[in-house]
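*Asks:* One structure, as structure tokens, below. Some questions next.
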Amino acid sequence: MSAIDRHAPIVKTLHWPDEAATQQFAKSLAALPDVGHAFIALHGDLGAGKTTFVRHLLHALGVTGRIKSPTYAVVEPYELSNLNIWHFDFYRFADPREWEDAGFRDIFASPGLKLAEWPEKAGTMLPCADMDITIVTTPDAARQVTLRANTLVGVALLLAAPAEGPQP
Ligand code: ADP
Ligand code: MG
């Protein structure tokens, strides 16, 4: 990414009262062509709903069958006829040397969708995400979600969020 593609972050907040709302957003995101070459970083505590969101997104993109949490493998690849997807979970990522050895540098240089849970654990190895999604569980077990676009691709992905306006 060149410096010219970077801009001040643009932030939107969403409310997901239940998992159906998570699924609805995932479907809207899957419908956007830019998702096919995006890097999306997912932030939030254990149980916030990062993997759940990825499952809904991958199903909406056409992945069939079981979508495993990549906590142990660090990455799970998916190959669709028109799209490569990599789902990372860096929770157990400890050794920066693993970055080169496991071929992660090559993955981030390849076309396709990259999703990463626990990007913080990969430290400075990870490139800048096009969009950061932060999921926070509220006391009533709903989710408060912040979308942060860091690049032009990220801005395009913000179209998946409903238009902001006065709350009813
Ligand atoms: P993480 O990957 O962030 O650790 P998971 O996706 O594995 O979290 O787990 C989230 C749990 O919370 C799942 O059991 C899911 O069914 C539940 N859940 C409840 N409400 C929601 C919501 N609005 N969005 C996502 N998950 C939700
Ligand atoms: Mg997870």
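The values are calculated or read from the model by the stated rules, or taken from the named source; none is laboratory data. Given the structure is predicted, the values throughout are model-derived calculations rather than measurements. All Cβ positions, even for glycine, are placed from backbone atoms using ideal geometry, and neighbour counts span all protein chains on display. Note: areas computed on protein heavy atoms with side chains; ligands, DNA, RNA excluded. Shrake-Rupley method; radii C 1.70, N 1.55, O 1.52, S 1.80 Å.
*Asks:* What are the residues in region 110-145 that are part of a loop (DSSP other than H, G, I, E, B) and hydrophobic (A, V, I, L, M, F, W, C), if any?
*Replies:* Quick first cut of region 110-145, residues part of a loop (DSSP other than H, G, I, E, B) only: 110-112, 118, 126-130, 138-142.
Passing the criteria: TRP118, LEU126, CYS128, ALA129, ALA141, ALA142.
*Asks:* For region 5-46: of the residues being open to solvent by 40 Å² or more (accessible area, probe 1.4 Å) and assigned to a loop (DSSP other than H, G, I, E, B), which is nearest to ligand 2 (Cβ to nearest atom)?
*Replies:* Checked region 5-46; the qualifying residue nearest to ligand 2 (Cβ to nearest atom) is LEU46.
*Asks:* Given (1) at pLDDT 95 or above; (2) surrounded by 14 or more Cβ atoms within 10 Å (Cβ to Cβ); (3) part of a loop (DSSP other than H, G, I, E, B), where does PHE53 come up short, assuming only one miss?
*Replies:* (3)
Residue-wise test of (1) aliphatic (A, V, I, L, M); (2) modelled with pLDDT under 90.
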{"residue": "HIS59", "(1), (2)": "no, no"}
{"residue": "THR64", "(1), (2)": "no, no"}
{"residue": "THR71", "(1), (2)": "no, yes"}
{"residue": "VAL75", "(1), (2)": "yes, no"}
{"residue": "TYR78", "(1), (2)": "no, no"}
{"residue": "LEU83", "(1), (2)": "yes, no"}
{"residue": "PHE88", "(1), (2)": "no, no"}
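*Asks:* Taking VAL63, is it without any contact (Cβ under 8 Å) to a residue 24 or more places away in the chain and over 18 Å from THR146 (Cβ atoms)?
*Replies:* On the way: without any contact (Cβ under 8 Å) to a residue 24 or more places away in the chain: yes; over 18 Å from THR146 (Cβ atoms): yes.
So VAL63 passes the test.
*Asks:* Let me ask you something else. Output the residues belonging to region 11-53 that are within 8 Å of ligand 1 (Cβ to nearest atom) and within 18 Å of ALA149 (Cα to Cα).
*Replies:* LEU42, GLY44, LYS50, PHE53
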